[in-house]
There are 6 protein chains.
Amino acid sequence: MIYLTRRERFSAAHRMYRPDWPDDRNLEVFGKCSNPNWHGHNYVLYVTVRGDISEEEGFVMNLNILKKIIQDRIIKKIDHKNINLEVGFMKGKIATTENLSVAIWNELKPFVEKDGVYLHCVKIEETENNSIEYYGQKDRDDQ
Amino acid sequence: MIYLTRRERFSAAHRMYRPDWPDDRNLEVFGKCSNPNWHGHNYVLYVTVRGDISEEEGFVMNLNILKKIIQDRIIKKIDHKNINLEVGFMKGKIATTENLSVAIWNELKPFVEKDGVYLHCVKIEETENNSIEYYGQKDRDDQ
Amino acid sequence: MIYLTRRERFSAAHRMYRPDWPDDRNLEVFGKCSNPNWHGHNYVLYVTVRGDISEEEGFVMNLNILKKIIQDRIIKKIDHKNINLEVGFMKGKIATTENLSVAIWNELKPFVEKDGVYLHCVKIEETENNSIEYYGQKDRDDQ
Amino acid sequence: MIYLTRRERFSAAHRMYRPDWPDDRNLEVFGKCSNPNWHGHNYVLYVTVRGDISEEEGFVMNLNILKKIIQDRIIKKIDHKNINLEVGFMKGKIATTENLSVAIWNELKPFVEKDGVYLHCVKIEETENNSIEYYGQKDRDDQ
Amino acid sequence: MIYLTRRERFSAAHRMYRPDWPDDRNLEVFGKCSNPNWHGHNYVLYVTVRGDISEEEGFVMNLNILKKIIQDRIIKKIDHKNINLEVGFMKGKIATTENLSVAIWNELKPFVEKDGVYLHCVKIEETENNSIEYYGQKDRDDQ
Amino acid sequence: MIYLTRRERFSAAHRMYRPDWPDDRNLEVFGKCSNPNWHGHNYVLYVTVRGDISEEEGFVMNLNILKKIIQDRIIKKIDHKNINLEVGFMKGKIATTENLSVAIWNELKPFVEKDGVYLHCVKIEETENNSIEYYGQKDRDDQ
């Protein structure tokens, strides 16, 4: 088993809050990230897949295919967008990096996983100091 | 003459557009950056001052003073904000990194410059690939 | 299970040596790092916690709480200090990055772990080329 | 168990292709990386070992020893070389980063592993966006 | 005057040598960089232009235009290529980063400079430790 | 004129204080950097030289020569040392990054400058947020 990681970037606006909470509770829990006028980030996304090396090509997975999946399924839908208002796969979710990682995992998994390749990790850096890693819900015995 | 640079960061939302233009012209000129629902960035700000080394302290300028000026005059007003809607010193300006650099220069200059210290450069990285440097309007004979 | 990582930095002096060894043996084992007049580093600390995403807040753990714990328990005690002479939790230990990682783990664990959140990893970069990761002593079945 | 990582760099030329395929098939599978006139990269290599902290020295492994092994076994043989033509341990293999990671693992393992130290991971960044990690073939129960 | 910098990357093979010198002299002057079997790098290119901020658009220059010029004139011709053998604008020149910077400057200048915008600097990082900056041959009174 | 920059690193301990000041004044001016038990940094040093490109070799200056000068004149004398106690060229000076930059400039200048090559800039990053640049005292008309 070998692991291949592709790094992509997107810039987006978001706001962390619950619509069913009053502003002061949102402020208490989410701090300045709950600003109703939005703020934004340069998110860095790392997608890791695992599999065996194909003897024929020497690859776990052709990087051009992985790049295209990430572009089509994620970047085109989120780059230069408002995560709360415009990103279908985040609809109804609190726009935390945790929820974003799980949503991106779910978006990518059906497209990435075939021919013995598995989605292994979705990592998102929100700033240079904060990041989230998600490895899926189970079957992590070979992580 | 010696140059001291302080790096600070802020995350903000913005939109590049002219309210007096129709949407399609904004889209043509500003591309995806004109998205009406905003997007955002982790901006990196570098403030450079120049001066002589004080014989008494060995400093161009005490970094704690410079840090406090940048925090008070810029970061507190722009971090986790919407640059178009909430940042006083950007009011009425197109929210490009060029205009932002000049505005930050103008905000900092009166507070930074004293005792033989001059503001030398305001540099802003909007993404890892794009940045702007502004050195002020004149008197750059010692740049 | 999802993983949240916070990056913090501290600058400190240290010396790697054993007081019960003669200088030449210290020099042989620890090289220039055994310099009796000290040297120092900009250490970069990554603290990773794991847990489930709270449905209410969308967080593994509120980052402001994690930041405050790291600041109070580690950074305030070690930043701009001499690790050998001034840092209580390193008393009597050889000031290697390995021992520092374990000591920081032990300092953080009781404060970080509650409500289903576990300390997962303490990583320290001593230079851009050298780093240590510590995952605790057992119960790493879900690492 | 604690993990020590050493970062080293090398610059090399390579070409990804199969000599038993016609040019157009090489181009189809390997894209511009199959250029017969070569291209190259600044590869970044991370070697991670794991073990217990020696009570005597406070180390997993003396970094100077690890550095010397990586220099002697890998860097001297691959830096400023053509991976396809000049690197013995890549002879007959497609010059993908996957195959390179496994080959470097196999070169390092016999020299790194002694006195309770195990080779844990070989990671190679080919560009800032693409990387490979290899953890060996089995016995990863303590990864 | 304000400065806009765009960062682009390319991976290429090269060899530093003079065909009119014997191998041992090439080796003496260019060291391991004269390897006849080539080596390569991930080059990082920074192109800086200067000009006034357009009142209408708030830009020095539209970044999409600058990006396209750099892509068309440089990246497409050099990325994943052999600088010595395949890059027209380096023909007959020693493939040093110095010569490459001047050649890229000359390629870009006629396309970048119009409407009050001037090419200001071409910077190339060959590795994380080595870089070259070229500011053109004269008229640097406003640098 | 073209500019060549070499990046080197050193790790050192220091303390910013004046021996002729009482501790409380040192604390007031230099803050936590005046800690009598020292602290330290991973300093990053950038040395820039300028000159014409040699037609014979395509270089401003042979990098191996520049590297050796920086190693011999600076790195060997300061890496893993105490700047206040052990570095001859800092004797009697307050150990600020400003003074360090000027001292390194003075150490390098006589060895770097020959055959039409000039020392252009000494830049030191003390942390990822703080840096100093020194361009020498005069004759900066071609900076």
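The values are calculated or read from the model by the stated rules, or taken from the named source; none is laboratory data. Just so we're clear, the structure is a prediction, and the values are computed from it rather than from any experiment. Cβ coordinates were reconstructed from backbone atoms using ideal geometry, including for glycine residues, and neighbour counts include every protein chain displayed.
Residues in segment F:4-16: is at least one among the hydroxyl-bearing types (Ser, Thr, Tyr) and over 21 Å from F:Lys68 (Cβ atoms)?
Within segment F:4-16, not a single residue is among the hydroxyl-bearing types (Ser, Thr, Tyr) and over 21 Å from F:Lys68 (Cβ atoms).
Results for (1) surrounded by 21 or more Cβ atoms within 10 Å (Cβ to Cβ); (2) charged (D, E, K, R); (3) modelled with pLDDT of 95 or more, shown as yes or no for each residue.
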site	(1), (2), (3)
A:Tyr46	no, no, yes
A:Val49	yes, no, yes
A:Glu56	no, yes, yes
A:Asn62	no, no, yes
A:Ile65	no, no, yes
A:Gln71	no, no, yes
A:Lys77	no, yes, yes
A:Asn82	yes, no, yes
A:Ile94	yes, no, yes
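Select from segment C:98-118 the residues that are in contact with an Asp or Glu (Cβ under 9 Å, 6 or more places away or on another chain), surrounded by fewer than 22 Cβ atoms within 10 Å (Cβ to Cβ) and part of a helix (DSSP H, G or I) and list them in ascending order.
C:Phe111
Would you point out the residue of segment A:51-75, among those that are in contact (Cβ under 8 Å) with a residue 60 or more places away in the chain and over 23 Å from D:Ala95 (Cβ atoms), that is farthest from the chain's Cα centre (by Cα)?
A:Gln71
Quick one: in segment F:49-75, which of the residues that are within 7 Å of another protein chain (Cβ to nearest Cβ) and of a type in the set (Val, Ile, Thr) is farthest from C:Arg15 (Cα to Cα)?
So the residue we want is F:Ile53.
Would you confirm, using the coordinates I've provided, whether F:Cys121 is in a strand (DSSP E or B) and either more than 25 Å from C:Phe10 (Cβ to Cβ) or without any contact (Cβ under 8 Å) to a residue 24 or more places away in the chain (or both)?
Against the criterion (in a strand (DSSP E or B) and either more than 25 Å from C:Phe10 (Cβ to Cβ) or without any contact (Cβ under 8 Å) to a residue 24 or more places away in the chain (or both)), F:Cys121 qualifies.
Out of all the residues in segment E:104-142, which are farther than 23 Å from E:Ile65 by Cα and at pLDDT below 95?
Those that are farther than 23 Å from E:Ile65 by Cα and at pLDDT below 95: E:Gln137, E:Lys138, E:Asp139, E:Arg140, E:Asp141, E:Asp142.
Could you count how many residues in segment D:18-50 are within 22 Å of D:Tyr134 (Cβ to Cβ) and in contact (Cβ under 8 Å) with a residue 24 or more places away in the chain?
Residues flagged as within 22 Å of D:Tyr134 (Cβ to Cβ) and in contact (Cβ under 8 Å) with a residue 24 or more places away in the chain within segment D:18-50 amount to 12.
Check A:Ile104, A:Ile132 and return the single one that is more than 11 Å from every other protein chain (Cβ to nearest Cβ), free of Cβ contacts under 8 Å to residues at least 60 places away in the same chain and within 30 Å of C:Glu125 (Cα to Cα).
One residue alone meets the criteria, A:Ile104.
Could you tell me whether segment F:6-13 includes any residue that is buried (at least 18 other Cβ atoms within 10 Å of the Cβ), touching a residue at least 24 places away in the same chain (Cβ under 8 Å) and farther than 19 Å from F:Ser131 by Cα?
No: zero hits.
Would you check if there is a residue in segment E:76-97 being in contact (Cβ under 8 Å) with a residue 12 or more places away in the chain, touching a helix residue (DSSP H, G or I) at 6+ places or on another chain (Cβ under 7 Å), away from chain D (no Cβ under 14 Å) and in a helix (DSSP H, G or I)?
yes
If I ask for residues that are outside any strand (DSSP E or B), within 19 Å of C:Arg7 (Cβ to Cβ) and of a type in the set (A, V, I, L, M), which ones from segment C:38-75 would you list?
Matches in segment C:38-75: C:Val60, C:Met61, C:Leu63, C:Ile65, C:Leu66, C:Ile69, C:Ile70, C:Ile74, C:Ile75.
Kindly provide the set of residues from segment F:17-48 that are more than 10 Å from chain C (Cβ to nearest Cβ) and either of a type in the set (Gly, Ala, Ser) or touching a Ser or Thr at 6+ places or on another chain (Cβ under 8 Å) (or both), ordered by number.
F:Tyr17, F:Asp23, F:Asn26, F:Leu27, F:Tyr46, F:Val47, F:Thr48
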